[in-house]
Amino acid sequence: MASVVFLRGANVGGHRTFQPALLAKELAALDVVNVGAAGTFVVRGKVGDAALRAEMARRLPFDAEFIICPARDLVKLARAEPFGANLSETNVRPYVSVLAKSVQTLPRLPIRRPDNDEWQVKVLGVVGRFALSLHRRLGRALVYPNEVVEKRLGVSATTRNWNTISAICAILTAQ
């Protein structure tokens, strides 16, 4: 079964930098495909999570936190079209935060930051280990989806734009 690996906090703001395409090339025996620059990989080869985590960690120049999920979970999420009509505003971008573990108790949703009509992040819902949010830039102070998700849900997460999730699904369904 294919899996998807998300590195948390890599290639952000000049910290914990590496070349994802080079790492994917080094892992060619596992049929790894790099998606973007943030540390997102589709792993089509047969390998267990622990072995995959160890192999990737061995090749990175820093300690990394990996969030690994079954590819079928992402494909199922994408097929459900979870953002639906929420994308009618042109300045709103959809994001998916991949949670390190399931949330035990969900807070009341949606969560808005700031908590008014001038929100920049709106967490719409949680589906399994995926938190769905919208982001819009208003003003100079920036609020990012990942910080809102982690703080309010109480679990580690890493966040990707919906375009990245769509690209992952395109790779998986092209097999």
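The values are calculated or read from the model by the stated rules, or taken from the named source; none is laboratory data. Bear in mind the structure is a predicted one, so any value in this text is a computation, not a measurement. Cβ: placed from backbone, ideal geometry, glycine included. Neighbour counts: every protein chain shown.
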Practice problem: Specify the residue that is surrounded by the fewest Cβ atoms within 10 Å (Cβ to Cβ); the eligible residues are those in the range 142-172 that are assigned to a loop (DSSP other than H, G, I, E, B) and within 14 Å of the chain's Cα centre (by Cα). | Solution: Y144
Practice problem: Confirm whether V98 is over 18 Å from T40 (Cβ atoms) and β-branched (V, I, T). | Solution: no
Quiz item: With respect to the numbered conditions (1) in contact (Cβ under 8 Å) with a residue 24 or more places away in the chain; (2) of a type outside the set (D, E, K, R); (3) outside any helix (DSSP H, G or I), which one is the sole condition not fulfilled by G139?
Solution: (1)
Quiz item: Out of curiosity, is V35 aliphatic (A, V, I, L, M), outside the structural domain of L153 (by TED's automatic domain parsing) and under 17 Å from T164 (Cβ atoms)?
Solution: yes
Quiz item: Do we have S97 as under 18 Å from the mean Cα position of the chain (by Cα) and over 29 Å from L22 (Cα atoms) here?
Solution: no
Self-check item: Residue selected from the range 62-108 under the condition crowded, with 16+ Cβ neighbours inside 10 Å and hydroxyl-bearing (S, T, Y), by the criterion nearest to L134 (Cα to Cα)
Solution: Y95
Quiz item: Yes or no: L77 closer than 23 Å to A174 by Cα and touching a residue at least 60 places away in the same chain (Cβ under 8 Å)?
Solution: yes
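Residue-wise test of (1) assigned by TED's automatic domain parsing to the domain that holds A24; (2) touching a residue at least 12 places away in the same chain (Cβ under 8 Å).
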residue	(1), (2)
R53	yes, yes
A57	yes, no
C69	yes, yes
N91	no, yes
V98	no, yes
Self-check item: Cβ pairs under 6 Å, 6+ apart, first in the range 101-114 and farther than 21 Å from C69 by Cα, second in a loop (DSSP other than H, G, I, E, B) and of a type outside the set (G, A, S)
Solution: R112/W119; R113/V143
Quiz item: Tell me, which strands (runs of 3 or more DSSP E) lie completely within the range 11-118 with 3 or more residues that are β-branched (V, I, T) and either at pLDDT 95 or above or over 24 Å from L153 (Cβ atoms) (or both)?
Solution: 40-43
